[in-house]
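Below is one structure; the comments refer to it alone.
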Amino acid sequence: MSEHQTSVAERIIVALDYASAQEAEALVRSLEGIPCYLKVGMQLFYSAGPQFVQSLKKKGYRVFLDLKMHDIPNTVKGGAESITRLGVDMFNVHAAGGKLMMESAREGVDKAMTGAGPGSKRPLLIGVTQLTSTNQATLNDEIGIAGSVEDAVVRYAELVRSSGLDGVVASPLEVVRIKQACGAGFVTVTPGIRPAGADIGDQSRIMTPPQAFAQGTDYVVIGRPITGAQDPRAALEAIIASV
Ligand code: C5P
């Protein structure tokens with residue numbers, strides 16, 4: 001793998017959306033040697049638990065624990081503390097939980113980091129803005145937020161930044177405005193990625209991998225285009241080569 005390909009791979013987060021550790025392990029084995037990030041979401045975490053996350057860390061992977069916490073501040077603080085102790089590299093909370101909830105998540109991280117062993121790294125704490133499956137009608141008619149999805153996302157991003165978090169999950173379509181509003185160093189993690197011609201599924205606001213990186217996003221999250229492919233390794237390699 002060239003230096004360029006390695007740096008692209010390091011910014012791709014493969015979503016391990018599987019029902020069991022066995023299935024996820026098979027996928028991880030097939031990607032061996034590719035320095036991508038791995039994402040454990042609720043389906044896998046609720047079945048395979050912290051042990052599975054720790055097994056990925058032992059293999060040397062960077063892990064994004066995508067549990068999208070949204071609860072009262074005290075509960076989220078405790079959750080953030082437990083997650084930080086697991087040693088993940090990135091995790092998230094919903095921006096819709098508000099400033100106090102997000103600040104409490106930070107306090108949970110601080111508490112876990114106090115007295116953590118040498119070499120332990122602070123995880124990136126990320127706020128979820130609007131899900132990439134949310135379209136204008138869902139936002140206005142169901143959730144009850146007026147205006148465009150993009151404006152709602154940027155407003156959330158500003159709230160996430162002022163709450164002291166490291167970045168946001170958003171669609172690649174909003175990256176340029178988020179970076180303008182919150183600064184280049186504010187991290188963007190973008191799902192809703194589909195290689196040209198791939199099945200869109202339930203995603204709504206999407207871009208191809210090269211388009212998303214051209215927006216200046218820090219990380220792309222890709223699930224089904226890799227996990228649902230006949231040959232997941234070949235699918236990931238093709239995505240890396242396309243950027
Ligand atoms: O299969 P697909 O590429 O659509 O997977 C996208 C992944 O990113 C899923 O695991 C989903 O839970 C996650 N995600 C998302 N939109 C967000 C936050 C996370 O699609 N706003």
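The values are calculated or read from the model by the stated rules, or taken from the named source; none is laboratory data. Please read these numbers as outputs of a predicted model, since none were measured by experiment. Quick reminder, even Gly has a Cβ in these numbers, built from the backbone with ideal geometry, and neighbours come from all protein chains shown. Side chains included, ligands, DNA and RNA excluded: accessible areas come from the protein's heavy atoms. Shrake-Rupley method; radii C 1.70, N 1.55, O 1.52, S 1.80 Å.
Pairs meeting the criteria (first residue in the range 154-177 and surrounded by fewer than 24 Cβ atoms within 10 Å (Cβ to Cβ) and acidic (D, E), second residue modelled with pLDDT of 95 or more and in a strand (DSSP E or B), beta carbons under 9 Å, at least 6 apart or on different chains) are D166/M90; D166/L124; D166/L125; D166/I126; D166/G127; D166/V187. Taking A146 as the residue in question, decide whether it is over 18 Å from S171 (Cα atoms), loosely packed, with under 13 Cβ neighbours inside 10 Å and either in contact (Cβ under 8 Å) with a residue 40 or more places away in the chain or aliphatic (A, V, I, L, M) (or both). When the stated conditions are applied, A146 passes them.
May I ask you to list the residues in the range 208-243 that are within 12 Å of the ligand (Cβ to nearest atom), over 18 Å from T132 (Cα atoms) and in a loop (DSSP other than H, G, I, E, B)? G228, A229, listed by residue number. Scanning the range 188-206 for residues that are more than 9 Å from the ligand (Cβ to nearest atom) and in contact with a Phe, Trp or Tyr (Cβ under 9 Å, 6 or more places away or on another chain) yields one hit, T188.
Contact map, the range 187-207: first residue on the phi > 0 side of the Ramachandran plot, second residue in a loop (DSSP other than H, G, I, E, B), Cβ cut-off under 7 Å, separation 6 or more or different chains; pairs are G192/T132; G192/S171; G192/Q203; G192/R205; G192/I206.
Each row is one residue, and each column tells you yes or no for (1) of a type in the set (A, V, I, L, M, F, W, C); (2) within 19 Å of G127 (Cβ to Cβ).
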| site | (1), (2) |
| --- | --- |
| G164 | no, yes |
| G183 | no, yes |
| I200 | yes, no |
| T208 | no, no |
| L236 | yes, no |
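The rows are residues; the columns are (1) closer than 17 Å to I239 by Cα; (2) of a type in the set (S, T, Y); (3) in contact (Cβ under 8 Å) with a residue 12 or more places away in the chain.
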| position | (1), (2), (3) |
| --- | --- |
| Q5 | yes, no, yes |
| E10 | yes, no, yes |
| Y37 | yes, yes, yes |
| L56 | no, no, yes |
| D66 | no, no, yes |
| D71 | no, no, yes |
| V76 | no, no, yes |
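If you filter the range 126-150 down to residues that are of a type outside the set (V, I, T), closer than 17 Å to K68 by Cα and in a loop (DSSP other than H, G, I, E, B), you find that the one that is nearest to the ligand (Cβ to nearest atom) is L131.
Whenever a residue of the range 219-233 is of a type in the set (G, A, S), its partners that are open to solvent by less than 30 Å² (accessible area, probe 1.4 Å) and more than 6 Å from the ligand (Cβ to nearest atom), lying with C-beta atoms within less than 6 angstrom and at least six residues away or across chains, give the pairs A229/A235.
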